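Before any comments, here is the structure.
What follows draws every value from the coordinates through simple rules; no lab data is involved. Quick caveat: nothing in here was measured; it's all calculated off a predicted structure. Heads up, the Cβs are rebuilt from the backbone with ideal geometry, glycines too, and the neighbour counts pull from every protein chain shown.
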Amino acid sequence: MEKNKILKAVNIAKNVICWAIVAILVLSLAVFFISKINGTAPSVFGYSIYRVTSGSMEPELMVGDVILDKSDVDIESISEGDVITFISDELGGIVVTHEVVKAPYEENGVLMIQTKGVANDTADAPISTDKVCGIMVCKIPFLNTVYNIFLSPWGLLIIIGLVILIFFDEVIAIARIVTNNTKTKNDAEDINDIIARIQSQSCDDERNERKNSSESEEQSAMEVKSGEKSSSEEK
């Protein structure tokens with residue numbers, strides 16, 4: 001009974017963990033693909049994820065690094081040395097992440113800001129603050145690997161394989177339902193029980209055989225004695 005309770009608790013814990021993993025994967029994939037379709041960066045709860053694609057910020061940010069930006073930015077709080085992500089009209093509207101070299105200032109009634117790539121020799125052209133997409137919070141090293149996995153067909157197959165492996169028991173249960181074989185593991189006869197039953201039956205058969213043989217010998221002996229007695233009487 002105690003063993004069954006432990007197994008039940010383990011099974012519940014496994015299901016909770018599995019569903020949590022699936023929920024995270026589904027949410028991540030949904031955010032990723034929606035962002036790809038809309039042409040925006042993946043964003044959740046006011047934070048966006050960007051991947052560095054050029055060396056303009058090396059060695060602070062290397063090509064392939066994944067960074068986390070806070071999207072809801074208080075422009076007035078941005079200062080020199082902060083790293084921001086913005087839409088660069090100078091580079092044809094692409095998203096750029098550079099270091100602030102001139103804090104927000106007003107020019108002709110418009111709030112402007114200026115940035116520069118750490119590896120670049122010259123500063124970028126000043127931009128209006130409404131072009132700012134976010135301010136960098138931190139780098140996320142391990143997400144570079146995850147990002148590459150999401151972008152590769154093999155990675156997607158690996159993820160699907162992991163999900164199937166996690167839910168192997170559920171897959172087997174579904175297969176049994178589809179094939180009308182609803183017999184569970186508990187209902188199935190254990191191979192050890194089968195062997196024990198066969199051995200027990202074999203022993204019983206052997207005992208019965210010895211018993212029958214013994215009875216036959218006793219019967220034969222009685223018949224012999226009876227025959228000898230009859231012969232004596234005739235004499």
Subject >> Order of 138, 18, 133 under a 10 Å beta carbon neighbour criterion, fewest first >> reply: 138, 18, 133
Subject >> In order through the range 104-111: 3J(HN,Hα) via Karplus (6.51 cos²θ - 1.76 cosθ + 1.60), integer Hz, x for Gly, Pro >> reply: x, 9, 9, 9, 6, x, 10, 7
**OP:** Counting other beta carbons within 10 Å of each Cβ, put 62, 112 in order, fewest first.
**Re:** 62, 112
